[in-house]
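The values are calculated or read from the model by the stated rules, or taken from the named source; none is laboratory data. In this text, all values refer to a predicted model and were calculated from it rather than measured experimentally. Note: ideal-geometry Cβ built from the backbone for every residue, glycine included; neighbour counts use all protein chains shown.
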Amino acid sequence: SAEKNRVSTSKFLSLVLRHKPEVVGMTLDEEGWLSIRDLIASANERGKHLTLELLHEVVATSDKQRFALSDDGLRIRASQGHSISGVDLKLDEQTPPDILYHGTVAPFIESIRIRGLQRRSRNHVHLSADEATAIKVGLRRGTPIILRIVAGQMQRDGHQFYLSANGVWLTDAVPTQYLRFP
Ligand code: HQG
């Protein structure tokens with residue numbers, strides 16, 4: 001179906017634009033952009049059906065607005081979620097709300113209590129502005145456990161926060177003293 005095609009294309013774009021551009025034999029530029037024309041050509045050469053129309057449809061309908069187009073419409077990048085080192089989205093530092101949220105699951109809690117929130121395989125720790133979003137993030141892994149981050153205090157203490165184009169708050173790590181467990 002068209003919906004299945006969109007979801008699979010969204011997953012393909014996430015793979016290429018966040019983690020492994022090498023699957024289409026490409027590299028991202030330093031700010032994470034890829035030429036749309038080259039991407040479509042390379043994908044099709046490798047048997048992955050992709051058209052400009054499908055790409056635009058996926059960008060427009062993505063539930064989390066995962067992808068952004070450059071102003072000239074010629075390039076595409078993921079708005080967050082990268083694991084590739086060397087990609088710097090060049091986001092401006094932002095003042096976060098007093099409290100941010102992180103949805104996780106029980107098996108990680110003991111380690112988080114000891115080490116704080118770590119970025120793991122990604123380039124940043126991902127935080128949500130509202131609890132409902134954090135619940136959805138946690139649900140990907142099981143029964144969500146919602147941690148609160150005292151982000152305002154954390155920033156006043158010198159930690160940097162960034163807001164992705166699709167509303168996800170990013171930071172390098174959350175030390176334990178800024179975490180509140182349920
Ligand atoms: C956990 C999705 C043990 C952390 C979502 C999380 C988000 C620790 C997992 C985005 C830990 C990493 C990111 C520690 C953190 N010990 N576990 N010290 N510190 N963790 O997927 O935040 O659909 O890299 O709690 O909506 O789950 O892909 O991060 O469970 O915005 O667009 O380690 O991905 O967006 O998992 O999700 P992830 P995340 P998309």
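Looking at segment 157-182 only, could you name the residues that are free of Cβ contacts under 8 Å to residues at least 24 places away in the same chain and surrounded by 14 or more Cβ atoms within 10 Å (Cβ to Cβ)?
159
Restricting segment 83-126 to residues that are hydroxyl-bearing (Ser, Thr, Tyr) and in contact with a helix residue (DSSP H, G or I) (Cβ under 9 Å, 6 or more places away or on another chain), which is nearest to residue 141 (Cα to Cα)?
Going through segment 83-126, the residues hydroxyl-bearing (Ser, Thr, Tyr) turn out to be 83, 85, 95, 101, 104, 111, 121.
From what's left, in contact with a helix residue (DSSP H, G or I) (Cβ under 9 Å, 6 or more places away or on another chain): 83, 95, 101, 104, 121.
Values: 83: 19, 95: 29, 101: 16, 104: 7, 121: 16 Å.
Residue satisfying both the conditions and the ranking: 104.
Does at least one position in segment 51-68 carry a residue that is within 21 Å of the chain's Cα centre (by Cα) and of a type in the set (Ser, Thr, Tyr)?
yes
Restricting attention to segment 124-137, and to residues there that are outside any strand (DSSP E or B), in contact (Cβ under 8 Å) with a residue 12 or more places away in the chain and more than 6 Å from the ligand (Cβ to nearest atom), which single residue is surrounded by the fewest Cβ atoms within 10 Å (Cβ to Cβ)? Explain how you work it out, then say what you get.
Keep residues of segment 124-137 that are outside any strand (DSSP E or B), which gives 124, 129-137.
From what is left, the residues that are in contact (Cβ under 8 Å) with a residue 12 or more places away in the chain are 124, 129-131, 133-137.
Now restrict to residues that are more than 6 Å from the ligand (Cβ to nearest atom): 124, 129-131, 133-136.
Values: 124: 20, 129: 17, 130: 12, 131: 14, 133: 16, 134: 24, 135: 16, 136: 14.
Ranking the qualifying residues of segment 124-137, first place goes to 130.
Determine, yes or no, whether residue 104 is exposed (fewer than 12 other Cβ atoms within 10 Å of the Cβ), touching a residue at least 40 places away in the same chain (Cβ under 8 Å) and of a type in the set (S, T, N, Q). Walk me through how you get there before you give the answer.
On the way: exposed (fewer than 12 other Cβ atoms within 10 Å of the Cβ): no; touching a residue at least 40 places away in the same chain (Cβ under 8 Å): yes; of a type in the set (S, T, N, Q): yes.
No: the conditions fail for residue 104.
Go through segment 96-123 and give me each residue that's assigned to a loop (DSSP other than H, G, I, E, B) and among the hydroxyl-bearing types (Ser, Thr, Tyr).
Initial filter on segment 96-123 (assigned to a loop (DSSP other than H, G, I, E, B)): 96-98, 105, 116, 118-123.
Hit for segment 96-123 is 121, nothing else.
If you take the residues of segment 50-70 that are within 16 Å of the ligand (Cβ to nearest atom) and not small (Gly, Ala, Ser), which of them is surrounded by the fewest Cβ atoms within 10 Å (Cβ to Cβ)?
The qualifying residue surrounded by the fewest Cβ atoms within 10 Å (Cβ to Cβ) is 63.
Specify which of the listed residues (153, 118, 94) is modelled with pLDDT of 95 or more, surrounded by fewer than 16 Cβ atoms within 10 Å (Cβ to Cβ) and within 14 Å of the ligand (Cβ to nearest atom).
Details: 153 fails: within 14 Å of the ligand (Cβ to nearest atom); 94 fails: within 14 Å of the ligand (Cβ to nearest atom).
Going through 153, 118, 94 in turn, the sole match is 118.
Considering only segment 71-85, state which residues are polar (S, T, N, Q) and near the ligand (Cβ under 10 Å from one of its atoms). Working first, answer last.
Within segment 71-85, the subset polar (S, T, N, Q) is 79-80, 83, 85.
The answer is 79, 80, 83.
Taking residue 28 as meeting all but one of (1) more than 16 Å from the ligand (Cβ to nearest atom); (2) under 20 Å from the mean Cα position of the chain (by Cα); (3) surrounded by fewer than 17 Cβ atoms within 10 Å (Cβ to Cβ); (4) not in a helix (DSSP H, G or I), write down the number of the exception.
Condition not satisfied by residue 28: (3).
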